[in-house]
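Okay, so here's the structure we're looking at.
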Amino acid sequence: MKKITIGNISFGAGEPLALIAGPCVIESAEAALKAASGIKEITERLGVGFIFKCSYDKANRSGVDSFRGPGLNEGLKILASIKESLSVPILTDVHSVEEVAPVAKVVDIIQIPALLSRQSDLLIAAAKT
């Protein structure tokens, strides 16, 4: 099995457990920072690696009027702030080819949502980062 390293966290055979966790969507900068801080405190105490996962936009909500998040620009500012202040790697998802370049400048892992995983242009753009 190939070993993959993100920051100081490695994934692969023989590597210790690591946790990718966080709220589904950024509700606010304060809520995201509180969640990331709390998870980091627990994982450090347990000796578990931690990657913070949170989305700036969730279009797949139960209703068209549901809260989707702060959007790309504000969301990336929040994620960058968490990454810098807590020194944790960041994972978020992208929804279009246009989002890939700005997201790649901030996060450590780009995730493609399952419903978009057949869009080859999006997969290729993310892979090039």
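FYI, it's all coordinate maths here, none of it is from the lab. Please read all numbers here as calculations on a predicted model, not as lab measurements. With ideal geometry, Cβ positions are generated from the backbone for all residues, glycine too; neighbour counts draw on all protein chains shown.
Some values worked out for this structure:
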| read-out | value |
| --- | --- |
| GNM flexibility winner over the chain from 14, 75, 22 (Cα, springs under 10 Å) | 14 |
| Residue among 106, 88, 64 with the largest mean-square fluctuation in a Gaussian network model of the chain, springs linking Cα atoms under 10 Å | 64 |
| Charge dipole (debye, nearest 20) of region 4-127; +1 at Cβ of Lys and Arg, -1 at Cβ of Asp and Glu | 140 debye |
| Residue 6 long-range amide H proximity, modeled H, under 5 Å | 11 |
| Cα centroid of region 1-56 to Cα centroid of region 102-129, whole Å | 19 Å |
| Cα-based Lys proximity count in the chain, under 14 Å, for pairs eight or more positions apart or on separate chains | 8 |
| Normalised contact order of the chain, rounded percent, pairs of Cα under 8 Å and 6 or more residues apart | 19 percent |
| Kyte-Doolittle mean at least 0.0, axial Cα span of 15 Å or more - DSSP H helices of the chain | 29-46, 72-86 |
| Ellipticity estimate at 222 nm from DSSP helix runs (n ≥ 4, -39,500 (n - 2.57)) divided over the chain, nearest 500 | -12000 deg cm²/dmol |
| Residue among 117, 62, 28 with the largest mean-square fluctuation in a Gaussian network model of the chain, springs linking Cα atoms under 10 Å | 62 |
